[in-house]
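The values are calculated or read from the model by the stated rules, or taken from the named source; none is laboratory data. All values reported here derive from a predicted model rather than from experimental measurement. Cβ atoms come from the backbone with ideal geometry, glycine included; neighbour counts cover every protein chain shown.
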Amino acid sequence: MVNLSFSCYLPRLANENVLTEAIQTGVNSDEYFAIASGYDGSRYIDLKFNQYIGNVEKSGYLVKVDVAKKQIAEETMKQQAEAAKSDGTDAGISTDISESGDRSGDYTQLTGLTGLETVNNGGATAPKIPANTHFYMSAQLDNTRIGRDVQRLVEEVISHITSVDGAQVEVTLEVNAKSPDGLSQQVVRTVSENCRTLKVQSFGFDR
């Protein structure tokens, strides 16, 4: 059984949102599992499958795909039979959906989660949670060799990240300069004009 109390030991999860998003992705597909808010011993309550869910109940159940499909088919058949009876056109559709036996292997309760990359749900494999989805870097550059340092960082670090399919890379340059004697008006004017020409997003001078 799987617990989403989020106080559990999950060393490869960055935070609880990663797990929640993985469950949302799995339910919004016909390949992984369904989710239910409860189980009354014979059927799953508020069963959702192959659809988007905005909220993941921490006390819910992850249900195997074949079990979810079976319940949905049975409930659809039962509704059709009831509708036929109300219309007086009962075609003899069977609505017997009784079932006996231990069904504990059909679901994974979201209570007691201690797994790492996959969720044990009686045979179905949950979506693998991606690792290392965020990279950040801060580097001190040599003022006399800025061009060289930037080129090395691009070739040896940034290029490897940008080569990954789907990677969204944002590179910014941050400059903090202090002049104890102050900067002349000429320098201030030249730097300001050049920053505007180069479309620098944010710059300024202060004391």
Matching option when the condition is within 30 Å of the chain's Cα centre (by Cα), in a helix (DSSP H, G or I) and either at pLDDT below 85 or closer than 23 Å to Thr133 by Cα (or both), among Thr108, Thr114, Thr20: Thr20
Which number in (1) among the polar types (S, T, N, Q); (2) modelled with pLDDT of 75 or more; (3) on the phi < 0 side of the Ramachandran plot marks the one condition that Asn50 misses? (3)
Listed by first then second residue, the pairs whose first member lies in the stretch 151-167 and is under 21 Å from Pro130 (Cα atoms), whose partner is assigned to a helix (DSSP H, G or I) and hydrophobic (A, V, I, L, M, F, W, C), with beta carbons under 8 Å and at least 6 positions apart or on separate chains, are Ala167/Ile161
Residues of the stretch 74-84 satisfying the condition of being surrounded by fewer than 16 Cβ atoms within 10 Å (Cβ to Cβ) and over 18 Å from Gly41 (Cα atoms): Thr76, Met77, Lys78, Gln79, Gln80, Glu82, Ala83, Ala84
In the stretch 25-67, the residues that are in a helix (DSSP H, G or I) and surrounded by fewer than 18 Cβ atoms within 10 Å (Cβ to Cβ): Thr25, Asp66
Determine the pairs where a residue that is modelled with pLDDT under 80, located within the stretch 71-97, has a partner that is assigned to a loop (DSSP other than H, G, I, E, B) and surrounded by 14 or more Cβ atoms within 10 Å (Cβ to Cβ) with Cβ atoms under 9 Å apart, the partner being 6 or more residues away or on another chain. Ile97/Arg43
Could you list all residues from the stretch 183-205 that are closer than 17 Å to Leu173 by Cβ and among the β-branched types (Val, Ile, Thr)? Val191, Thr197, Val200
